[in-house]
Amino acid sequence: MEEVPREAPRSQVREQAQEQVPAQAPDTEAHVTVGSPDAMQDLGRRIAALLRPGDLVLLTGELGAGKTTLTRGLGEGLGVRGAVTSPTFVIARVHPSLTGGPALVHVDAYRLGGGLDEMEDLDLDVSLPESVVVVEWGDGKVEELSDDRLHVVIRRAVGHEEVLDDVREVAVRGVGARWSAGAGLESLAGVLSE
């Protein structure tokens, strides 16, 4: 008589299925209150210490929120050449390293309506492996460049129904395996002031 295999218990089938599907790395996030433009630049320097070639950083925030100020700090922290200013009219600027580290590619996607297709002429996919690519207004446009990226969202702080002039609330969220263990993001959390 031939033995008929018994059906595995559902819990065992579920466990086997879960083993076959790779777990997606959880996002990690740090929250920082920034009290001045100088403190925003300092936050950029602190983030730069966590970056390495191939990192993609997306910056989101209203006009005047401090995206370029933060990028200026990133440039200082990475030790790049040239003044970091808004690339709104040239779309992108490359700042080579003065220290042998990665170059900073600073992109302003504000005037670009489309996604990655419209940005294809910038060759960001070619620059990414050896550079740190920072894209202002990049949400919904360049995420396809990398599964691993930092999203930095800058918001004006509000207190008692008034906007606090220089105070910003910054959320730094790491997405993907590169940032799954935090990669130092927890060191950013807190309050930065002059």
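The values are calculated or read from the model by the stated rules, or taken from the named source; none is laboratory data. The structure displayed is predicted, hence computed values, not measured ones. Don't worry about glycine lacking a Cβ; one is built from the backbone with ideal geometry, like all the others, and counts go over all protein chains shown. Side chains are part of the model used for accessible areas, which takes the heavy atoms of the whole protein and leaves out ligands, DNA and RNA. Shrake-Rupley method; radii C 1.70, N 1.55, O 1.52, S 1.80 Å.
Tabulated data for the structure shown
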quantity	calculated
Within-9-Å neighbourhood charge of residue 55 [Cβ basis; K, R +1; D, E -1]	+2
By accessible area with a 1.4 Å probe, ligands and nucleic acids excluded, highest first: order of 47, 91	91, 47
Residue 177 versus residue 45: modelled label distance in nm, points set 7 Å from Cα along the beta carbon direction	3.4 nm
13 Å beta-carbon shell around residue 93, net charge (K/R +1, D/E -1)	0
Length gained when the stretch residue 157-residue 99 is fully extended (0.36 nm per residue, less Cα-Cα span)	17.3 nm
Cα-projected label distance for residue 166 with residue 193, points at 7 Å along beta-carbon direction, nm	1.1 nm
